[in-house]
Amino acid sequence: MPSIASDAPTGFDATYSTGERGENSRAPTPRVSATSQHRFAADHLTHLSPPYPHEPAPLPPLSSLLLDERPPPTFPLYRPAPSPPSISQSSLRYSDPKSLPSDAKIARSLKVRLSKRAVKDHPPLEEDDLREFYAALVESGAEEAARRYETLDAPKEERLRLGDGEREVVLRGLAERVLGLNAPESPAFEDREGENMVAGPSRVTNIVSGDAVPTQTIIHALASIPSENEGRNEGVLSDLPLGLVSRKEWDALFDQTVRLCFQATGCSATRSGSNRFSRKVGLLPLAAVATESTFIDDAAGYQLSTSQHDILTSAHLHASGPIGAIAHLKTYELSSHPAPQSSYGLVLSHLLERDSSSHTRALAWDLFAHMRLSAHPMPSREIYRLMITSCGASSDPQPERARDLWIELTQDNGSIPDEPEYTAAIRALSSTKKDYLEAFDLLRQMLARHHDATYVPFSEDEDAWAGRLRHGQRQRSMSRWIPSLETWKALLEGTKRAGDLPRARWVLAESLRMARASEVAGYPAKGPDEDMMASVFMTYAAWKPIVARRQVRVRGGVGHEGIARDSDTQESTAGSTSDTVQPTEDPLVDVGLTEETPAGDGDAQDVSTAQGKAADSTSPQTAADALGEASALFHQILQPTSSSSLLTDPFRDTRPSTRLVNSYLSVQLAHSQTLAAARTAWDETWSDAVLVERGVRPNGWSYLVALEKCALGNRQLSQENREEATSWGRKLWAEYLAFQSSLSVSTSDSGSNTFSSTGFGLGLGPRQVERAWRAIIRIHTLADDTAGALSLLSQFQARHPPSRILDSYAPIPDAGLGLRFTDRTTVREADVPPHMLFEDVGVLHQRLVRDEDGRGVALVKWVTTGYEKALEKRRKWRLKGAGKGGEVRSRRSRQVEMIAAAGGEEDLSTDMDRPNNAEHEEHGKAGHEEAVAEQNEAEHEAAEYEAAEHEAAKEA
């Protein structure tokens, strides 16, 4: 190894500490410098290694010390790096680390510098250039923002539906393999309507050559093949391949089975139609499709598609009703493969939209809760919209529940609602007078979204429904939030309940303006229809005038004097006037008619004219103004026109109907000055040539509204109008009975006469019948014709006896759901026949007491008590769940048990069917005690009635 040369001095340089020594200080320790140590190591290595033939190049010094520099006093050999110079806090630009610029700010400043450098040599932009640039920037993402991006699902295998010919080929091959049938080619079997098809497990017998492929026979053959767990029949499976039925063949078999059930022989998907088709062609009923699908799932692991699930659920729904469809859905829940939400939606729609009642709505809410618990915790937008819409039912409004679902849809799930969802929520909130203003808040949100989606910067058109600039022409850009006709109609549901005429007029004007703008822009537009105008007229009828009729008087003369308010009347009615003042905070009310009129000192103040022209030309203030405006609208609707444009004919899409005429007549009845004027308007309206030509006739609602007007008390009708009310009411009642008898009456299974499903629409529902009879009884009572009123009460009891309330009781079948969303104690009883309670004939009872008519008082008490007892008993049955295990015993059977329990005569049993012993044993001791109690109660009521009659006879 070569020797290591160094410029360091040779030898040991021993140094001693020069510090003063203390008493206990040690002796000085010699210290060897680093240079001497290296030199010693180099000499030692030189002696150990052989010399090289030439002198090696010198190595760089191990230290940067100069020769005259004193070496470091201690180790290490290398000098540590010098410490950085201290920086004073005053020299720092950012004293606080939090004040340091962020990466985004640095990038932004860099972008600004680069942009300035890029446009440094460009000429400055003009004002028009800046406007165009800003408009293009705003419109750049309008189309993307208007789109709704749904959640992307994983790619699934697409199942293409087979054509008729291909399906026949597939099924014929399956029949040849499974049944050993070499069926020749024949016309498509769906055109043969399933003739000569054979049901049952037979494979080849009774199959005529040239007939259609026996679909049901194939299904029975597949079902009869034993599984791997069962005893295997080698003779049966010897000629069958392992892959017995492919997925394509399952698809063809399923589609053909359902196709034949629905389309063959033109039968509808009902229980009777399916049974008739089954008897003719030998197919199983529609309910049997569930068994086939279950067999398919078990045998081949076949998974039904969404459309197949919907078809299968619809078949169950039409064959066995909602209970059967719910049982079908629960079957798939137990198999850990729940049906899709669209299948649940079919059942919910059936319960909520087709002849819905309080019980069907309660079952729908129970199914909704069960679905979220067992199958789909997160409902789809369609399910949310359906349930929110159901909250707006007029017979059972639930705005609070709709509000909760809306918050869950928009906030919890983060979903952006579209026009259908907004319309459903608006209708639900408009179902009550208390919450209808929240519906207008939702409309503002909807219009704000529509404005953001279609905003055109620097638009010169001031119209709210103006268009955007496209190809040099103004054209409105449609969005997902533009209100539809159903949205405007939903808003009017709230205004007619609250009598909010300013908002109703705004809704009508805005809907017309939007429809006209859409028509000009080239989009399909529909103006107000008859249902919308009926709601507008109902709002006119419910509106309370700001200036009451009793507060105005004619001062005399024409011209500028007109009608003025009397100062004395104003002072006496100032409190009532302030109560009718409507709020004006809402910006939608663009009319200044709701401000309180200042009180005068003694001089009269002009407010309107007698001809109906309001002092403010934008909205009526008196009843005459409202009546004149409603009449103008109605006659404009009836006026025939040849124009097909909304610009010239705003009511182009409004067809005269009975409901529209009834709504207009309600305005006449509410705001006419005298009853004679209302009667004249009634006769002239129904005799109008346009209505007669179109076949528009009065219905039950027409007579009901007029009868209730005639039945008003003396506070609402003056004494001079009382005779007019009595004569007109009797005439209306005769016409009402004739109209009611002209309609067909269907007899239910329980023997009670119930009107068809259109009874409510015709004004002949149970509650409407009650109101009509109550009105005519009140009319006779107010005319001091108590004998006629008692006669009408007896006729009502004969037509609608209290026993029918019990006979029409039907048990609610248990759907077997795991969760109940509703309490049966809070569900209102549905389909209760007409009845009359004591408060309904309270005025008659007072007149009878005044006249000291004891027999009449007893009759009133006996009739009303019978209805009350029947209602109480029916309610008791409902709370106990009576009849769930079977049908409720008939009225005759209960009467026989009551007579037998009380020891009655045996010969009465020949006229009635005596219940069998099995039924009597089923009810047991509890039923016997109930029968005895009913008999005792009936005897007690009869004794009271006889005593009342005896007292009345004695007084007479």
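Ala393 fulfils the conditions (1) buried (at least 22 other Cβ atoms within 10 Å of the Cβ); (2) not in a helix (DSSP H, G or I) except for a single criterion, (1).
Among the residues here, Ala428 qualifies as in contact with a helix residue (DSSP H, G or I) (Cβ under 7 Å, 6 or more places away or on another chain), within 24 Å of Ala364 (Cα to Cα) and at pLDDT 95 or above.
Within the range 826-857, which residues are of a type in the set (A, V, I, L, M) and touching a Phe, Trp or Tyr at 6+ places or on another chain (Cβ under 7 Å)? Once the filter is applied, which keeps residues that are of a type in the set (A, V, I, L, M) and touching a Phe, Trp or Tyr at 6+ places or on another chain (Cβ under 7 Å), the range 826-857 yields Met836, Leu837. Answer with yes or no whether Arg722 is in a helix (DSSP H, G or I), surrounded by 12 or more Cβ atoms within 10 Å (Cβ to Cβ) and not assigned by TED's automatic domain parsing to the domain that holds Phe796. Judged against the criteria, Arg722 is not a match. Only residues that are loosely packed, with under 11 Cβ neighbours inside 10 Å and at pLDDT 70 or above: list them for the range 141-184, please. Across the range 141-184, the qualifying residues are Gly163, Gly165.
Screening the range 638-666 for residues that are of a type in the set (Val, Ile, Thr) and within 32 Å of the chain's Cα centre (by Cα) and picking the one that is nearest to Ala681 (Cα to Cα) gives Val661. Scanning the range 342-366 for residues that are in a helix (DSSP H, G or I) and small (Gly, Ala, Ser) turns up Ser342, Ser343, Gly345, Ser349, Ser358, Ala362, Ala364. Got at least one residue in the range 451-462 being more than 30 Å from Glu132 (Cα to Cα) and either assigned to a helix (DSSP H, G or I) or not polar (S, T, N, Q) (or both)? For the range 451-462, residues more than 30 Å from Glu132 (Cα to Cα) and either assigned to a helix (DSSP H, G or I) or not polar (S, T, N, Q) (or both): absent. Residues in the range 353-390 that are touching a Ser or Thr at 6+ places or on another chain (Cβ under 7 Å) and touching a residue at least 40 places away in the same chain (Cβ under 8 Å): Asp355, Ala362, Trp365, Asp366, Arg381, Leu386. Of the residues examined, Thr313 is not one that is part of a helix (DSSP H, G or I), more than 22 Å from the chain's Cα centre (by Cα) and modelled with pLDDT under 95.
Determine which member of the set Ala448, Ala428 is within 24 Å of Leu346 (Cα to Cα) and small (Gly, Ala, Ser). Unique residue meeting the criteria: Ala428. In this structure, Arg444 does satisfy being within 18 Å of Glu419 (Cα to Cα) and modelled with pLDDT of 95 or more.
Here Glu421 passes the criteria (1) assigned to a loop (DSSP other than H, G, I, E, B); (2) at pLDDT 95 or above except the one numbered (1).
Might you let me know whether the range 707-721 holds any residue that is closer than 30 Å to Ser808 by Cβ, more than 36 Å from the chain's Cα centre (by Cα) and of a type outside the set (Val, Ile, Thr)?
yes
Results for (1) among the hydroxyl-bearing types (Ser, Thr, Tyr); (2) at pLDDT below 95; (3) touching an Asp or Glu at 6+ places or on another chain (Cβ under 7 Å), shown as yes or no for each residue.
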| position | (1), (2), (3) |
| --- | --- |
| Lys496 | no, no, no |
| Arg503 | no, no, no |
| Val507 | no, no, no |
| Ser511 | yes, yes, no |
| Ala515 | no, yes, no |
| Gly522 | no, yes, no |
| Ala525 | no, yes, yes |
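Answer with yes or no whether Val857 is modelled with pLDDT of 95 or more and under 26 Å from Gln795 (Cα atoms). Considered against the rule, which asks whether it is modelled with pLDDT of 95 or more and under 26 Å from Gln795 (Cα atoms), Val857 comes out as yes.
For the range 334-341, the count of residues that are in contact (Cβ under 8 Å) with a residue 60 or more places away in the chain, more than 24 Å from the chain's Cα centre (by Cα) and either in a helix (DSSP H, G or I) or surrounded by fewer than 21 Cβ atoms within 10 Å (Cβ to Cβ) (or both) is zero.
Mind checking whether some residue in the range 823-837 is in a helix (DSSP H, G or I) and either out of contact with any Lys or Arg (no Cβ under 8 Å at 6 or more places or on another chain) or not charged (D, E, K, R) (or both)?
Checking the range 823-837: not a single residue is in a helix (DSSP H, G or I) and either out of contact with any Lys or Arg (no Cβ under 8 Å at 6 or more places or on another chain) or not charged (D, E, K, R) (or both).
Does the range 634-641 contain at least one residue that is in contact with a helix residue (DSSP H, G or I) (Cβ under 8 Å, 6 or more places away or on another chain), under 30 Å from Gln719 (Cβ atoms) and surrounded by fewer than 13 Cβ atoms within 10 Å (Cβ to Cβ)? No, every residue in the range 634-641 fails to be in contact with a helix residue (DSSP H, G or I) (Cβ under 8 Å, 6 or more places away or on another chain), under 30 Å from Gln719 (Cβ atoms) and surrounded by fewer than 13 Cβ atoms within 10 Å (Cβ to Cβ).
The values are calculated or read from the model by the stated rules, or taken from the named source; none is laboratory data. All of these numbers come straight from a predicted model, not from anything done at the bench. A quick note on method: Cβ atoms are made from the backbone with ideal geometry, for glycine too, and the neighbour counts reach across all protein chains shown.
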